[in-house]
Amino acid sequence: MSNVHSVPCDQILPTLFLYLDNELPSELEYQIFQFHFQECLNCNEVMVHESAALAFMKNLLRNTCNEQAPEDLHERIRQQTAALSGQNQVGFFSSSTTITNFSFDGTTSIQVTQEITHEIRHDFTEDE
């Protein structure tokens, strides 16, 4: 793990929200971020500020957006879910590949990320 010592701030800050939302792809990346925050007081300050702002927004939303959905909405969702399970839907697949280069201590590490999306489309009408 000697590569974590020289990750520049411009590679940490653009993906800070992935770190805060626990969406980094690997445990090694979490360790890289944590080590960077221990070593870089400026990035740590940004992370603490953004983390507090995110917690404030989540708490605000949790406390203000707590109304109950109408029962007829629940029933429509149940009906549409049952209809989906018994019908053939049209499925669409798409994929994208991202290649990211990182430099650590003069060595280059390449990260390849492939995302596959599967979408099921079904047209629901008011009559269903």
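Each reported figure results from applying straightforward, stated rules to the coordinates on display, with no laboratory input. This one's a predicted model, so the numbers in the text were calculated from it and none came from an experiment. Ideal geometry is used to build each Cβ from the backbone, glycine not excepted, and the neighbour counts take in all protein chains shown.
The table below gives the values:
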quantity: Förster-model FRET efficiency, 41 Å R0, Leu73 and Ala52, C-beta, rounded to 0.05; calculated: 0.75
quantity: Extension gain from Asn42 to Leu20, taking 0.36 nm per residue of separation minus the Cα-Cα distance; calculated: 6.3 nm
